[in-house]
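**Student:** The structure's right below; bear with me while I get my questions together.
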Amino acid sequence: MSKEIYLDGNATTCVLPAAIDAAVQAMRDCFGNPSSTHATGLKAKAMMDTVRQRAKRLLGVGSGRIMFNSGATEGIQTAVLSALCALRERREKGETIGSLLVYGATEHKAVPEALAHWNRLLGLNLELKKLPVDGEGRHDLAALRALAPQAAFVCTMAANNETGVVSDLAGIAAVLEGSPALWMVDCVQGLGKLALDLGNTRIDYAPFSGHKLYAPKGIGMLYVREGAPYTPLVMGGGQEAGLRSGTENMAGIAALGAVLAALEQGGTFRTPAELHGFRDKLAASLRAAFPGIVFNAPFEKALPTTLNFSVPGLSSKELLDVFDAANVRVSAGSACSAAKAAPSYVLDAMGLPNWRSSSAVRMSFGPLVSEETIVEACARIERCGQALREAGMLDTPTSGASVPEGVLQLSLGGNHTWLLLDAPSRQCIAIDHQAELAERVDSLLRSHSYQLAARIGTRDGMWPGTADSIAFGAHALRRVALGDGQQVFLLCCGDKVEYAFTGLAPLSALEGKVPADALLCAGREDVNACCTSLRAEAQAAAANADMNLDSISLARLLESHPQAVLVDVREAYEQAACIPGGRTAQSVPLSRLAAFVPGWLASAEQAPLVFFCRSGNRSAKAAQCLRRLGYRNAFHLSGGIALASPALALAA
Ligand code: PLP
């Protein structure tokens, strides 16, 4: 397994070794409760005071306060609660307050969610107003000027977590000059990357999270300007001078202190010039690997540690998969929303076209990054580009790229488009073609000199001409009506129906229309199984409880069955991005499974087939498919190579 290259620093960072040491020391030697008045407690308090003083110096807080808490989400709640309680009090006293809670359109979700939550709970019923940003991701100051007279509370950020765009805080301050509105600036992504001199600004609240800069998760800070209204979020023993009760996270504070000491003393983190140089290197490699790439934020307005980009024709999932296969960790948008395949609201707010916001990838690193890491990352980026070119997924395929033929499935959001590819005539028929995949299909066909001969649809009646059967290479393609406007397509070789493309039709609708042994190719992943047959489905109750292998049972099976075949069902570009080594495996991406199934079913010996992929999802589908079709010796590696013991030395 090649070494992991972690380029997701805006989500979180590793912990600085000195911070680990400081945390261990705090737990072992300085474990006192800082509220205790005996010597053990005083020692702990002295450590905590030292860290607080250091934070105050570094952030230039002047007469403002720094309190320790669990992180920025808590800091944001505290700031919002404080501001809203003060507004309610003023209103109850008969004073006029603004009617708007203004927040930047690209804020982290914690901000609008906290505003809505506390506004509702406190019964304030003020209006939440999104402050637009311009095409470069910066707050629209003209819009702020128009809103300022009605603003009660304004929330903006120092730097954006998805794009790295740095806000014009001086410009915002100038617009708010003379306004009674309270102002919170989310400084999470700015710590250690931007010069902050909080005491010399009119910022009332500034939350921070330690884990974005090499401290552990669970420790954060909140800056509160002297005189800014304050309401504790947590009440109890009166710790943190009554600002936040609960015994302090001393190990976290010690670790954060070590990071702050490294920042203050210099020499640990890269200089801004070095970081700019690293970004230039990564950008050059990305441009070389993906010639059509577009960067989604202007470099000159963004932190040098964040690159956000989109590649025409490639989804963020495809890019993430290929990077993950090359052991390069990047993310699509923010970590909190990474699990959801939604377009980025940050890029949407910047007015970028939908294809860019829905296919964006964020590559971010912390200021501890080494030159060697960047150099290796560049090499792997180039490898990923090469892998995608070889798979025909970029417009400029390499000469050695293999020509796809037969049946190919392309998926987006769970919907499948099927391509029928006849290599001798270079003709292609697209079934249930999705508009969002058009660029991808065009690029694939162009790069292998295919012509799109026809588009046909299972639900929209699309079909060329009036005859119910058309010739396609050595095959015939027939359509069969199902009623209620749906049709299925049968791909036939002589009398034999090899494949049936069934769209959204349930199995029950296919009885009598599709031969029992034709391979069914559905139009959505949740309709029918992936590549099955009616006969196989009828026997589907056949037990497959022994299908799942963990790394130990896999090792046993491979030892007792040397003829067993490992089958890698990841896409070709993921396989190509892997660093070679380990046991060889047959490469059959899931999108090509249908092309290989007949061969396996025809083999006399039915040697054990062990499918594997990254996380075990795709391999489970492949093994189930084979078992349903009667291939009893099909297995899969549950948990995928992400969990398999490296000792197994699978090809990854
Ligand atoms: N604000 C910004 C800009 C962030 O990037 C994050 C984390 O991603 C947060 C707030 C929330 O921080 P935490 O999850 O550490 O509380």
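The values are calculated or read from the model by the stated rules, or taken from the named source; none is laboratory data. Keep in mind it's a predicted model, so treat the numbers as computed, not measured. Neighbour counts run over all protein chains shown; Cβ positions are idealised from the backbone, glycine included. Only protein heavy atoms, including side chains, enter the accessible area calculation; ligands, DNA and RNA are left aside. Shrake-Rupley method; radii C 1.70, N 1.55, O 1.52, S 1.80 Å.
**Student:** So what is the diffusion coefficient of region 449-591 in µm² per second by Stokes-Einstein at 20 °C and 1.002 mPa s, using a Kirkwood Rh over Cα pairs?
**Tutor:** 117
**Student:** Related question: Apply the a/c threshold of 1.5 to the C-alpha gyration tensor of region 205-255 and tell me whether it is rounded, prolate or oblate.
**Tutor:** Oblate, because a/c is 1.5 or more while a/b does not exceed b/c.
**Student:** Taking the Cα centroid of region 288-303 and of region 141-165, what is the distance between the two, rounded to the nearest whole Å?
**Tutor:** 24
**Student:** Let me ask something else about it. Going by a ≥ b ≥ c, the root eigenvalues of the Cα gyration tensor, does region 1-155 fall in the rounded group (a/c under 1.5), the prolate group (a/b larger than b/c) or the oblate group?
**Tutor:** oblate
**Student:** Per residue, how much accessible area does region 157-210 show when a 1.4 Å probe rolls over the protein heavy atoms, in square angstrom?
**Tutor:** Heavy-atom accessible area per residue stands at 27 Å².
**Student:** Oh, and also: So for region 603-643, Kirkwood radius off the Cα pairs, Stokes-Einstein at 10 °C and 1.306 mPa s: how many µm² s⁻¹?
**Tutor:** Answer from the Stokes-Einstein relation: 157 µm²/s.
**Student:** Among rounded, prolate and oblate, which fits region 469-529 when a ≥ b ≥ c are the square roots of the eigenvalues of its C-alpha gyration tensor, a/c under 1.5 means rounded, and a/b larger than b/c means prolate?
**Tutor:** prolate
**Student:** Let me ask you something else. What accessible area per residue comes out for region 30-71, rounded to a whole number of Å², with a 1.4 Å probe?
**Tutor:** 48
**Student:** In whole Hz, what ³J(HN,Hα) sequence does region 355-367 give by Karplus (6.51, -1.76, 1.60; θ = phi - 60°), x for Gly and Pro?
**Tutor:** Karplus values, whole Hz, x for Gly and Pro: 5, 6, 6, 8, 10, 6, 10, 10, 10, 9, 9, x, x.
**Student:** Cross-link partners among lysines for residue 281, C-alpha distance below 22 Å, same-chain residues fewer than 8 apart left out?
**Tutor:** List returned: 3, 193, 301.
**Student:** Students often check this: by mean Cβ neighbours within 10 Å, which of 169-176, 91-98, 243-250 ranks highest, and how do the rest follow?
**Tutor:** 243-250, 169-176, 91-98
**Student:** Under the rule of at least 5 residues apart or a separate chain, name every residue whose amide H is placed under 5 Å from the amide H of residue 186.
**Tutor:** Close amide H contacts, sequence-distant or interchain: 156, 157, 158.
**Student:** On to the next question. If you take the beta carbon distance between residue 96 and residue 63 as r and set R0 to 25 Å, what does 1/(1 + (r/R0)^6) give as a FRET efficiency, to the nearest 0.05?
**Tutor:** The computed FRET efficiency comes out at 0.30.
**Student:** Now, a different point. Rounded to the nearest 0.05, what FRET efficiency do residue 128 and residue 559 give with R0 = 51 Å and r taken as the Cβ-Cβ distance? Could you check?
**Tutor:** 0.25
**Student:** How many angstrom separate the Cα center of region 20-40 from the Cα center of region 181-240?
**Tutor:** 24
**Student:** For residue 121 and residue 379, compute 0.36 nm times the residue count separating them, minus their Cα-Cα distance, and round to one decimal in nm.
**Tutor:** 87.7 nm
**Student:** Counting only the heavy atoms of the protein chains, how much of residue 496 is accessible to a 1.4 Å probe, in Å² to the nearest 10?
**Tutor:** Here the residue's solvent-accessible area equals roughly 130 Å².
**Student:** In addition: If you roll a 1.4 Å probe over the chain with all protein chains in place, what percent of the accessible area is carbon or sulfur?
**Tutor:** In the chain, the share of accessible area belonging to carbon and sulfur is 53 percent.
**Student:** Can you give the relative contact order of the chain as a percent, counting alpha carbon pairs under 8 Å and 6+ residues apart?
**Tutor:** Reported as a whole number, the value is 12 percent.
**Student:** Quick one: grab Rg to one decimal and Dmax as a whole number for region 365-481, Cα atoms only, in Å.
**Tutor:** For region 365-481, the Cα radius of gyration and maximum Cα-Cα distance read 18.9, 67 Å.
**Student:** Sequence-distant or interchain residues sharing an amide H contact under 5 Å with residue 522, placed H: which?
**Tutor:** Those lying under 5 Å, H to H, from residue 522 are 502, 531.
**Student:** Considering only DSSP states other than H, G, I, E and B, which trypsin sites (Lys or Arg not before Pro) in region 340-392 qualify as loop sites with at most 11 other Cβ atoms within 10 Å?
**Tutor:** Taking region 340-392 and a limit of 11 other Cβ atoms within 10 Å, the loop trypsin sites (Lys or Arg not before Pro) found are 340.
**Student:** Give me D for the chain in µm² s⁻¹, whole number, from Stokes-Einstein with Rh from the Kirkwood sum over alpha-carbon pairs, 4 °C and 1.567 mPa s.
**Tutor:** Result for D is 46 µm²/s.
**Student:** Can you tell me, using C-alpha contacts under 8 Å and at least 6 residues apart, the relative contact order of region 354-497 as a whole percent?
**Tutor:** 13
**Student:** If you don't mind, another one. Using a simple spin-label model with points 7 Å from Cα along the Cα→Cβ vector, what separation in nm is obtained for residue 435 and residue 25?
**Tutor:** The two pseudo-label positions are separated by 6.3 nm.
**Student:** Find how much the distance from residue 247 to residue 50 grows on full extension, using 0.36 nm per residue of separation minus their present alpha carbon separation; answer in nm with one decimal.
**Tutor:** Full extension from residue 247 to residue 50 adds 69.2 nm.
**Student:** Given the protein chains as shown and a 1.4 Å probe, how many square angstrom of residue 468 are accessible, to the nearest 10?
**Tutor:** 90
**Student:** If you don't mind, there's one more thing I want to ask. Amide H neighbours of residue 433 under 5 Å, counting only residues 5+ apart in sequence or on other chains, H built in-plane at 1.01 Å?
**Tutor:** Under 5 Å from the amide H of residue 433 lie the amide H atoms of 456, each far enough along the sequence or on another chain.
**Student:** Hey, another quick one. Check every DSSP H run in the chain and write down those whose alpha carbon atoms cover 24 angstrom or more along the long axis and whose mean Kyte-Doolittle hydropathy is -1.0 or greater.
**Tutor:** What comes out of the filter, once short or polar helices are dropped, is 39-59, 72-92, 272-289, 371-390.
**Student:** Would you kindly give the portion of the calculated P(r) for region 221-318 that falls above 21 Å, as a percent of all Cα pairs?
**Tutor:** Distances greater than 21 Å cover 62 percent of the Cα pairs.
**Student:** Roll a 1.4 Å probe over the protein heavy atoms and report the accessible area of residue 235 in Å², nearest 10.
**Tutor:** Solvent-accessible area, nearest 10 Å²: 140 Å².
**Student:** Right, here's the next one. Calculate, in nm to one decimal, what residue 370 and residue 535 gain on full extension: separation in residues at 0.36 nm each, minus their alpha carbon distance.
**Tutor:** 53.6 nm
**Student:** Stick to the Cα atoms of region 169-293, pair each with every other, and give me the Kirkwood hydrodynamic radius in Å at one decimal.
**Tutor:** Averaging 1/r across every pair of different Cα atoms and inverting gives 17.6 Å.
**Student:** Beta carbons within 10 angstrom, averaged per residue: use that to sort the peptides 549-562, 627-640, 476-489, 190-203, highest first.
**Tutor:** Averaged packing, sorted descending, gives the order 627-640, 190-203, 476-489, 549-562.
**Student:** Then there's this: Please work out the average accessible area per residue across region 552-625, using the 1.4 Å probe convention, and give it in Å².
**Tutor:** Result: 42 Å² of accessible area for each residue.
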